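Right, one structure below, let's go through it.
The values are calculated or read from the model by the stated rules, or taken from the named source; none is laboratory data. Everything quoted here is computed from the prediction, not taken from an experiment. Positions of Cβ are backbone-derived with ideal geometry, glycine not excepted, and every protein chain shown enters the neighbour counts.
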Amino acid sequence: PEDRFKPEDPNCIFGSMHVHVGHFDDNIATGPTTLFYSNGNVFEGQYFQGKCHGFGKLVTHHGMIYSGEWSAGMMHGKGASRWRDDRRYVGQWVHGQVCGLG
């Protein structure tokens, strides 16, 4: 996806590990964001003070999809995940980990 964006685009930051497309205040990502990681992961959702915060969706390179709440860069709150082998979890997440039976 990197070839779709130009380094001079003010809404795009090229890092050594990712391409970040969204709004920036004082060079800190905030608001609606799409983040393309070099390993193939893609995050689409809200950013606040440079971290995933609010509602967002993460699709990982190994087939896991998480859609739900984020806090301070971690899956936290209500969310749903589906893995490549069709396992699913819908329920609470705390600091990036499932919490309970779902």
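Rundown of residues vs (1) under 17 Å from residue 23 (Cα atoms); (2) in contact (Cβ under 8 Å) with a residue 24 or more places away in the chain; (3) aliphatic (A, V, I, L, M), yes/no style:
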| site | (1), (2), (3) |
| --- | --- |
| 44 | yes, no, no |
| 57 | no, no, no |
| 74 | no, no, yes |
| 82 | no, no, no |
| 85 | no, no, no |
* Structure fact -> Considering residues that are part of a strand (DSSP E or B) and either in contact with a helix residue (DSSP H, G or I) (Cβ under 9 Å, 6 or more places away or on another chain) or surrounded by fewer than 16 Cβ atoms within 10 Å (Cβ to Cβ) (or both), the number found within segment 58-73 is 2
* **Among residues of segment 43-57, those that are assigned to a strand (DSSP E or B) and either touching a His at 6+ places or on another chain (Cβ under 8 Å) or not hydrophobic (A, V, I, L, M, F, W, C) (or both), counted** => 9
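Checking the conditions here, which among 91, 102, 40 is outside any strand (DSSP E or B) and over 24 Å from residue 29 (Cα atoms)?
After applying the criteria, what remains is 102.
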* Hey, could you check segment 1-55 for residues that are at pLDDT 75 or above, in contact with a Phe, Trp or Tyr (Cβ under 8 Å, 6 or more places away or on another chain) and of a type in the set (Val, Ile, Thr) and say which is nearest to residue 72 (Cα to Cα)? => 30
* To do: State the number of residues belonging to segment 79-97 that are surrounded by fewer than 15 Cβ atoms within 10 Å (Cβ to Cβ) and either more than 15 Å from the chain's Cα centre (by Cα) or over 18 Å from residue 45 (Cα atoms) (or both).
  => 10
